[in-house]
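To keep things clear, I will list the structure first and then write my remarks on it.
The values are calculated or read from the model by the stated rules, or taken from the named source; none is laboratory data. Keep in mind the model is a prediction, meaning the values are calculated, not measured. We place every Cβ from the backbone using ideal geometry, glycine too, and count neighbours over all the protein chains shown. Note: areas computed on protein heavy atoms with side chains; ligands, DNA, RNA excluded. Shrake-Rupley method; radii C 1.70, N 1.55, O 1.52, S 1.80 Å.
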Amino acid sequence: MKKMILTFALSAVMLSSGAQITERRMATLVETDGTQVFYGANAAQDAYDAAKGGSTIILSEGEFSDIIIKGKPVNIYGAGMDSAEDAGALKTKTSVYISADKFYDDEGKEYYAYPENLHLEGLYLRRCYVYGNDAGAVLNGMAISKCQIDGVGLYERFDVYPRVAGMVVSQCKIGNIYFYQKENDALFRNCWINQVEMNLDLKSKIVIDHCILWSVYSGAVAYYTNNIVLHDYIPADAMAYNNIIVNKNGISENATGSGNWCGIETMGIFAEEGEDGSYASGKKFTLKYPKTYIGTDGTEVGINGGVTPWNPIPSIPRIVSSKIDNRADAGGKINVSIKVEAQNRP
């Protein structure tokens with residue numbers, strides 16, 4: 001892997017002279033007019049509160065308090081959704097709660113809007129919860145990449161109450177996602193998904209492409225292409241093309257599709273001995289016969305094909321070590337030396 005050293009001085013605007021830093025958890029707020037660093041469990045929220053719309057927040061490894069996002073769009077990058085303990089690196093763990101905010105147009109009329117083009121990457125999210133609103137605001141352009149959304153509790157999941165447009169979720173591990181409104185426009189690609197659940201909706205434009213699906217909800221009418229479906233049928237009214245469907249499962253007689261491989265055992269799908277398709281950190285989900293199972297786009301079916309092949313490592317370099325002076329210098333600055341390692345897959 002490519003390695004690099006970044007050394008920079010940070011203005012100690014949040015610290016009195018002589019203040020000490022012992023906390024590893026950091027949130028770095030990057031804006032066009034400067035950089036701020038926040039420390040501690042609430043660092044991510046502090047950085048968001050201080051950010052301007054469109055700013056970037058980079059989180060270190062460690063567990064952070066919940067992040068409450070209201071109206072203001074940002075880009076949030078973590079150190080990763082899985083721990084790589086052999087490399088001395090741990091995941092960035094938190095939960096995200098998103099809601100619409102009140103705004104006023106040029107005529108003074110109030111309206112509500114969600115943060116547009118919100119970007120989340122490299123995070124382990126116990127929960128991602130998008131609140132609904134009575135004004136009917138739509139969540140536009142949300143992008144989630146290389147994240148795990150899957151807590152251990154019953155309600156630690158991905159809940160989406162408003163209608164969404166232009167949502168893209170890629171290279172993620174999703175436990176359960178619930179869409180509560182209809183007529184959604186969302187793309188899931190190169191993800192491992194336990195289940196997508198929604199109200200029966202023939203007008204939604206939900207595409208599930210090059211994913212591994214542990215199970216399929218009976219009301220999840222979507223466009224399924226190039227996936228590996230481990231349990232259940234493709235439901236009625238859905239469309240299904242070039243999917244591998246395990247065992248005796250297939251597509252409903254009221255679904256539309258072609259080119260699907262039905263009744264395949266997992267031992268004939270995956271190259272790794274004993275692979276059953278379940279999720280665990282470090283799995284590659286390599287196909288046994290990649291030249292046989294070709295998708296609609298000419299690449300191999302499953303999580304390693306398509307335009308964003310499976311790679312859970314975030315694009316932002318991971319902080320692997322840091323040296324922070326205990327006290328500010330005479331000029332009110334604290335010198336910080338950070339060693340980062342580019343997170344490119346070998």
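What to note about this one:
- Residue that is nearest to the chain's Cα centre (by Cα), among those in region 197-232 that are charged (D, E, K, R) and closer than 23 Å to Lys173 by Cβ: Asp209
- Strands (runs of 3 or more DSSP E) fully within region 143-187 counting 3 or more residues that are of a type outside the set (A, V, I, L, M, F, W, C) and more than 21 Å from Pro73 (Cβ to Cβ): 173-179
- Single match in Asp101, Asp82 (criterion: surrounded by fewer than 16 Cβ atoms within 10 Å (Cβ to Cβ) and either under 18 Å from the mean Cα position of the chain (by Cα) or not hydrophobic (A, V, I, L, M, F, W, C) (or both)): Asp101
- Within region 316-335, considering residues that are surrounded by fewer than 18 Cβ atoms within 10 Å (Cβ to Cβ) and part of a loop (DSSP other than H, G, I, E, B), the one modelled with the lowest pLDDT: Asn326
- Residues being β-branched (Val, Ile, Thr) and open to solvent by 10 Å² or more (accessible area, probe 1.4 Å) - total across region 45-71: 3
- Considering only residues in region 285-315 that are over 23 Å from the mean Cα position of the chain (by Cα) and among the aromatic types (Phe, Trp, Tyr), the one that is most open to solvent (accessible area, probe 1.4 Å) turns out to be Tyr289.
- Meets criteria (modelled with pLDDT of 65 or more and more than 21 Å from the chain's Cα centre (by Cα)) for Val37: yes
- Restricting Gly151, Gly122 to those that are open to solvent by less than 10 Å² (accessible area, probe 1.4 Å), more than 23 Å from Val221 (Cα to Cα) and in contact with a Gly (Cβ under 9 Å, 6 or more places away or on another chain) reduces the list to Gly122.
So that you can scan it fast, the table gives a plain yes or no per residue for (1) open to solvent by 30 Å² or more (accessible area, probe 1.4 Å); (2) part of a strand (DSSP E or B); (3) closer than 20 Å to Gly277 by Cα; (4) touching a Cys at 6+ places or on another chain (Cβ under 9 Å):
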{"residue": "Asn194", "(1), (2), (3), (4)": "yes, yes, yes, no"}
{"residue": "Ser218", "(1), (2), (3), (4)": "yes, no, no, no"}
{"residue": "Tyr224", "(1), (2), (3), (4)": "no, yes, yes, yes"}
{"residue": "Asp237", "(1), (2), (3), (4)": "yes, no, no, no"}
{"residue": "Ile245", "(1), (2), (3), (4)": "no, yes, yes, yes"}
{"residue": "Asn249", "(1), (2), (3), (4)": "yes, no, yes, yes"}
{"residue": "Glu253", "(1), (2), (3), (4)": "yes, no, no, no"}
